[in-house]
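Okay, structure first, notes after.
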Amino acid sequence: MATGFTVSSLTDYVNEQSKELLTALQFTAETASYANLQTGVKSASALQILTSTPIPQDGASCGFNASGGSTFTQRTITTKPVKYQDTLCFRDLQAKWTQFLLRPGQNQSEGDIPAAMVADLVAQIKAQQEKLDWQGDTTSTDAYLNRYDGLRKIIAAASGTNVATAVAGSVTTSNVRTIVQNIVSKIGSVSVLVGNPNVKIFCGYDFAELYRQKVFADNLYHVTGTGNQKGMMAEGSVHEIVPVHGLDGLLSASGAANPFVFALDPATNLYLGVDMENEEEEARMWYSQDDDNVKYSFRYRRGWQIAFPGEIVEYANS
């Protein structure tokens, strides 16, 4: 995998009009904003889960009769170390139009890196994190996915989750309303979830857009044409559809091991483990005088866990 600046596809600078560095539109880390943050997890830590079962009794007589109980269980949240490092040689930029990104003089430092480059670097890392948060699998051969296990794998491996009725084939405009209805119906069959507006349906933006367009095409006028996928409700329910980029590109996924739509209450069921909060503030960028390069290093730990598998509805195609 190439490192540093790659400018071999650019011609030596002659007279190009554009002096702006245009960065691609990137995604922000969406799922993490819904999670309960667990700090200080340097390797693994147990989530302490309390389940109470009080039992009502006949109060007509005197006396004390203990009943019910409280049960403690644990689920382990495991974090994995991740790092991003690279070396940037400013002299690679001098012969191309990119020379206009540099200040005059031959001595450059980390402070001379254009803000657009730094912003794009941060955006790229956040985009990769978002995909990892859902699709991560430590057994994968994909270097972008094998850093830690994501929520899809964790939820699919958990026992006791609720599986919504599947449809055959990929998600299309012809079946997307049926799929959402099946998910809402399954939510309604779980006593602790039914009628709970905090239960949200997490899916990819591609899934959410298919559903949105189908609802419009079918003239269901309760949906406003705001042009914003956020805040859309599953028809006939109190459950918000929450699109996240970490679940994009999975519309053809099938089988029990490959769910790609999830209904859960993130406030009680979604936990993100890190070593310390705001670890991105520990990112370092410096000028190295020994080799005349600018270098950066960003290290952190990250891992996910759910608390109550029985309070999750998952969906995959058949």
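Worth a mention:
- Cβ-Cβ distance of Tyr144 and Ile49, R₀ of 30 Å, FRET efficiency by 1/(1 + (r/R0)^6): the value works out to about 0.40.
- Among 29-36, 258-265, 287-294, the order from most to least packed when residues are scored by Cβ within 10 Å on average: 258-265, 29-36, 287-294
- Taken per residue, the accessible surface of region 166-213 reaches 40 Å², heavy atoms only and a 1.4 Å probe.
- Length gained when the stretch Thr178-Val122 is fully extended (0.36 nm per residue, less Cα-Cα span): 16.3 nm
- Cut-off under 5 Å, modelled amide H: who pairs with Phe202 long-range: Val242, Phe262, Ala263, Leu264
- Inter-site label distance for Thr165 and Asp58 at 7 Å from Cα along Cβ, in nm: 4.3 nm
- Extension gain from Ser9 to Lys42, taking 0.36 nm per residue of separation minus the Cα-Cα distance: 7.6 nm
- Here's how it looks for Gly273: its modeled amide H is under 5 Å from those of Gln38, Gly303, Trp304, Gln305, which are all 5 or more places away or on a different chain.
- Beyond 20 Å in Cα-Cα separation lie the following of the pairs Lys83/Lys230; Lys126/Lys214; Lys83/Lys126; Lys153/Lys230; Lys42/Lys200: Lys83/Lys230; Lys126/Lys214; Lys153/Lys230; Lys42/Lys200.
- Spatial separation of Cα centroids for region 56-94 and region 167-202, in angstrom: 25 Å
- A simple spin-label model places the labels of Lys230 and Asp290 4.5 nm from each other, with each point 7 Å out along Cα-to-Cβ.
The values are calculated or read from the model by the stated rules, or taken from the named source; none is laboratory data. The structure presented is a predicted model; accordingly, all values stated were derived computationally and were not measured. Using ideal geometry, Cβ is built from the backbone for each residue, glycine included, and neighbour counts are taken over all protein chains shown. Heads up: the accessible areas ignore ligands, DNA and RNA and are worked out on the full protein's heavy atoms, side chains in. Shrake-Rupley method; radii C 1.70, N 1.55, O 1.52, S 1.80 Å.
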